[in-house]
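S.K.: Input: one structure, supplied below.
Here, each number is a calculation from the coordinates, and none is a lab measurement. Small disclaimer: the values here were computed from a predicted structure and weren't measured. Cβ placement follows ideal geometry from the backbone for every residue including glycine, while neighbour counts extend to all protein chains displayed.
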Amino acid sequence: MTIILENVDAETLRVIESLKGLNKDLVITQEVDECPICKAHDYTLKPEVEREILESIAEMERELQKGTLKTYSDINELRKALES
């Protein structure tokens, strides 16, 4: 038996999935349409922004190789460094 769900909230989905305890052969599929806002939005970066990000990453890698990049193993240590 297969149940196909469209636009179901989490609570309803939980209740329907609990039916699997009664029928092990039950298959539940949820068809979700992509949000229209997300679908219409272009998530590609502008070339200048991408270049800035890549330059920042390269700078961090250089500092990491030189050993000048300070790393913190504890949030309190980082907090003290930021406050000083």
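S.K.: Are there any pairs with C-beta distances below 8 angstrom linking a residue in the stretch 65-84 that is aliphatic (A, V, I, L, M) to a residue that is surrounded by 10 or more Cβ atoms within 10 Å (Cβ to Cβ), with the two at least 6 apart or on different chains, and if so which?
M.R.: So the pair list comes out as 69/60; 69/63; 78/72; 81/72.
Residue-by-condition table, conditions (1) surrounded by 11 or more Cβ atoms within 10 Å (Cβ to Cβ); (2) aliphatic (A, V, I, L, M):
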| position | (1), (2) |
| --- | --- |
| 37 | no, yes |
| 40 | no, yes |
| 43 | no, no |
| 48 | no, no |
| 52 | yes, no |
| 55 | no, no |
| 61 | yes, no |
| 68 | no, no |
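S.K.: Name every residue in the stretch 4-33 that is among the acidic types (Asp, Glu) and assigned to a loop (DSSP other than H, G, I, E, B), in order of residue number. First the steps, then the outcome.
M.R.: Initially, the stretch 4-33 is screened for residues among the acidic types (Asp, Glu), giving 6, 9, 11, 17, 25, 31, 33.
Matches in the stretch 4-33: 9, 25, 33.
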